[in-house]
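Notes for the one structure printed next.
The values are calculated or read from the model by the stated rules, or taken from the named source; none is laboratory data. All values reported here derive from a predicted model rather than from experimental measurement. Methodologically, a virtual Cβ is constructed for each residue, glycine included, from the backbone with ideal geometry; neighbour enumeration extends over all protein chains shown.
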Amino acid sequence: MPLNRFHDKTDAELLQLYEQEQNPDWLGMLLQRYTLLLFGVCLKYLKNEDEAKDAVQQLFLKVLTEAGRHHIAYFKSWLYAVAKNYCLMKLRDSQGKKIKVLNENATWAHEDLKKFDLLESEATYTFLEEAIQELPREQQVCVILFYLQKKRYKQISEQKGFSLLQVKSYIQNGKRNLKNVIEKKQKQQANH
């Protein structure tokens, strides 16, 4: 059966097909959708185009072998987390090798600052994941559908039975609450 007729399927529908049939072609379609996202994440962390391209290939293999072991609710955010963790492991590995080679007068402090910035943005992403869980249920649902699944107000309204005004309010309040929770967590971390 030609797979190109399934390009209009949502991520969730393709994941469901994959879970039912264990056909890697469904995952392949999802990976095609997010190849640029993967490349962007890898380039952001690895800072080298060739390394980023290699990492994307490795991530394709990793996803094909690991996806069946997990229940994936939101493919895009799961894929982002897998890519981020993969890149951080590569950075940690290369950091260990660099420390052995570099002497104390080298640009180690500069590298450390770059790594610190990376870890700080990682903490923000972790805070975001935790903060979403702390939102009231309606805000959580609307924020996830709007920002992660890229649904429109009308689609959310129809899918969840909220009025358009409720959807808009839940998203605005959810966004404000997320910001407040993240800032609070950042302050708590800074004090420890």
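Some observations on this one:
- Residues in region 148-192 that are of a type outside the set (K, R), surrounded by fewer than 16 Cβ atoms within 10 Å (Cβ to Cβ) and within 26 Å of Y34 (Cα to Cα): Q155, Q159.
- Looking across region 129-167, the residues that are more than 13 Å from L178 (Cα to Cα), of a type in the set (F, W, Y) and under 23 Å from the mean Cα position of the chain (by Cα) come down to F146, Y153.
- Considering region 25-40, the residues that are within 19 Å of K150 (Cα to Cα) and in contact (Cβ under 8 Å) with a residue 12 or more places away in the chain include one that is farthest from the chain's Cα centre (by Cα), namely M29.
- Some residue of region 143-159 being in a helix (DSSP H, G or I), closer than 22 Å to I72 by Cα and among the hydroxyl-bearing types (S, T, Y): yes
- Selection of region 49-80 for residues being touching a Phe, Trp or Tyr at 6+ places or on another chain (Cβ under 8 Å) and either closer than 15 Å to F39 by Cα or surrounded by fewer than 11 Cβ atoms within 10 Å (Cβ to Cβ) (or both) yields A52, K53, A55, V56, Q58, L59, K62, H70, K76, L79.
- S77 being modelled with pLDDT of 50 or more and outside the structural domain of Y45 (by TED's automatic domain parsing): no
- Where a residue in region 138-161 is closer than 15 Å to G174 by Cα and in the same structural domain as L178 (by TED's automatic domain parsing) and its partner, wherever it lies, is buried (at least 18 other Cβ atoms within 10 Å of the Cβ) and polar (S, T, N, Q), with Cβ under 7 Å and at least six apart: Q139/N177; L148/S77
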